[in-house]
Amino acid sequence: MGVVLENATQFDAELANKILQLSSPAVNVNVVPLGEGVGLMSSIARATIEMADGTSTTCIVKVIAQTENVEISKGLNFYANEVNFYRYLSDDCPIRTPQCLYAYLDESTQDFLLVLEDMGDADAGNQLVGCSREIMSLAFLRSAQLHGRYWGKTEQLSWLNYQNIEETNLFRRDVIYKPGVQPTLDMFGEYFTGNLETTVVGIGEQFKELFEQAMSGTQTVIHGDYRTDNMLLPVIDGKAEIIAVDWQNTMGGKGPHDIAYFSAQSCDGDLRGEIELQELRRYHETLIDCGVRDYSFDECLRDYRLNLMITMITPIAVCGTLDPGNERGMELGRVMLQRSLAALESMSCHELLN
């Protein structure tokens, strides 16, 4: 029988000795919560483990959220998705991840415990800052390697949930997207230049159909929340690298979803246009190098544009529920919306609406 915790602070020396392979027995554990920000779906803490030989080590402890988000997270299988990713895929994932030291999920309650490698002082991505061309290129490359590895092979992963489920699509449209449009227009109307308001409203009206188009066809494994806020960006041997965290949205879906989400969430206007197309071509070439067949660049481009449209749900959801008193939340919502709208415009996504 595995172990789950209700709170990360319950992680103690007895449990560390039971579930971890330590170089010396643990004699004391100090747990420091890392905070629960807006929308965070889990409770995370850093545990410092003091051992009998006088040395110490640290790890990251992740358990269910201590907020009202917990039931949403369980309903959307976030905890099962992440635990199963670390159980079955992380060791073989082309995108670097923290090493998993322990992973267990109670199937009946979806309570869980993840103990992960502590990446220490590795620089964290910051969506408010955006990313460089180098990081954009690397993000597209690593996601292509992930997608190429599992392209058309998801039926081998019996535990995998899928993005394109009609009931969930209707929930996304009716409960999240459409109610958020007008509050977003009211708060950030100055960003809806040209035909952008018509486009964003039209996406809501056709959301279910657009989602089905964007996610239909050959399936692969996607991260699902692929953006700089969910990345550590260390320099290893003089080169930038990506370590992806927060695999709660790991699902079966269409590969270009991850790069559309990354682009819309994390890339400023100077990376749009020709640079965006160059990186998309490199993404497609990498898929081909990984063995993907019968998938042309034109199909890839169309999938990318469709996914830019459905990923508008994130800024609409955030901006539609913002507390004006939350300064970082307001700034993050503004940045996410501005980038997502620029992506729609750059790729002439309105042409795909009926």
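Quick one: which of Y162, Y150 is surrounded by fewer than 19 Cβ atoms within 10 Å (Cβ to Cβ), touching a residue at least 12 places away in the same chain (Cβ under 8 Å) and of a type in the set (F, W, Y)?
Residue meeting the stated conditions: Y162.
State whether one or more residues within region 69-80 are buried (at least 17 other Cβ atoms within 10 Å of the Cβ), at pLDDT 95 or above and under 17 Å from L5 (Cβ atoms).
No: region 69-80 contains no residue that is buried (at least 17 other Cβ atoms within 10 Å of the Cβ), at pLDDT 95 or above and under 17 Å from L5 (Cβ atoms).
Does M136 qualify as being touching a strand residue (DSSP E or B) at 6+ places or on another chain (Cβ under 9 Å) and either among the polar types (S, T, N, Q) or surrounded by 15 or more Cβ atoms within 10 Å (Cβ to Cβ) (or both)? Working first, answer last.
On the way: touching a strand residue (DSSP E or B) at 6+ places or on another chain (Cβ under 9 Å): no; either among the polar types (S, T, N, Q) or surrounded by 15 or more Cβ atoms within 10 Å (Cβ to Cβ) (or both): yes.
Against the criterion (touching a strand residue (DSSP E or B) at 6+ places or on another chain (Cβ under 9 Å) and either among the polar types (S, T, N, Q) or surrounded by 15 or more Cβ atoms within 10 Å (Cβ to Cβ) (or both)), M136 does not qualify.
Can you tell me which residue in region 106-131 is surrounded by the fewest Cβ atoms within 10 Å (Cβ to Cβ), limited to those that are under 17 Å from D246 (Cβ atoms) and at pLDDT 90 or above?
E117
Could you go through region 265-274 and let me know if any residue there is under 26 Å from S42 (Cα atoms) and surrounded by fewer than 24 Cβ atoms within 10 Å (Cβ to Cβ).
no
Starting from residues that are part of a loop (DSSP other than H, G, I, E, B) and open to solvent by less than 30 Å² (accessible area, probe 1.4 Å), keep the ones in region 230-245 and report whichever is farthest from N307 (Cα to Cα).
Applying the filter and picking the extreme gives P234.
Could you check region 165-203 and list, in sequence order, the residues that are open to solvent by less than 60 Å² (accessible area, probe 1.4 Å), of a type in the set (S, T, N, Q) and over 14 Å from P315 (Cβ atoms)?
Of everything in region 165-203, those that are open to solvent by less than 60 Å² (accessible area, probe 1.4 Å), of a type in the set (S, T, N, Q) and over 14 Å from P315 (Cβ atoms) turn out to be T168, N169.
Checking N249 against (1) under 24 Å from N84 (Cβ atoms); (2) open to solvent by less than 40 Å² (accessible area, probe 1.4 Å); (3) at pLDDT 95 or above: exactly one of these is not met. Which one?
(3)
Would you point out which residue out of V3, V29 is of a type in the set (A, V, I, L, M) and surrounded by 17 or more Cβ atoms within 10 Å (Cβ to Cβ)?
Step by step, each of V3, V29 is checked, and only V29 is of a type in the set (A, V, I, L, M) and surrounded by 17 or more Cβ atoms within 10 Å (Cβ to Cβ).
Go through K239, K254 for me and flag whichever is over 21 Å from D268 (Cα atoms) and more than 21 Å from the chain's Cα centre (by Cα).
Going through K239, K254 in turn, just one is over 21 Å from D268 (Cα atoms) and more than 21 Å from the chain's Cα centre (by Cα): K239.
Within region 46-68, track down each residue that is within 16 Å of E6 (Cα to Cα) and either crowded, with 17+ Cβ neighbours inside 10 Å or acidic (D, E) (or both). Spell out how you get there, then give the answer.
Residues of region 46-68 within 16 Å of E6 (Cα to Cα): 46-47, 60-68.
Within region 46-68, A47, I60, V61, K62, V63, I64, A65, E68 qualify.
For D225, only one of the following conditions fails: (1) touching a residue at least 40 places away in the same chain (Cβ under 8 Å); (2) of a type in the set (D, E, K, R); (3) buried (at least 17 other Cβ atoms within 10 Å of the Cβ). What is its number?
(1)
The values are calculated or read from the model by the stated rules, or taken from the named source; none is laboratory data. What you see is a predicted model, and the numbers here were worked out from it, not measured in a lab. Note that we place each Cβ from the backbone using ideal geometry, even for glycine, and neighbour counts take in every protein chain shown. When the accessible area is computed, the model is the full protein with side chains, heavy atoms only, and any ligands, DNA or RNA have been set aside. Shrake-Rupley method; radii C 1.70, N 1.55, O 1.52, S 1.80 Å.
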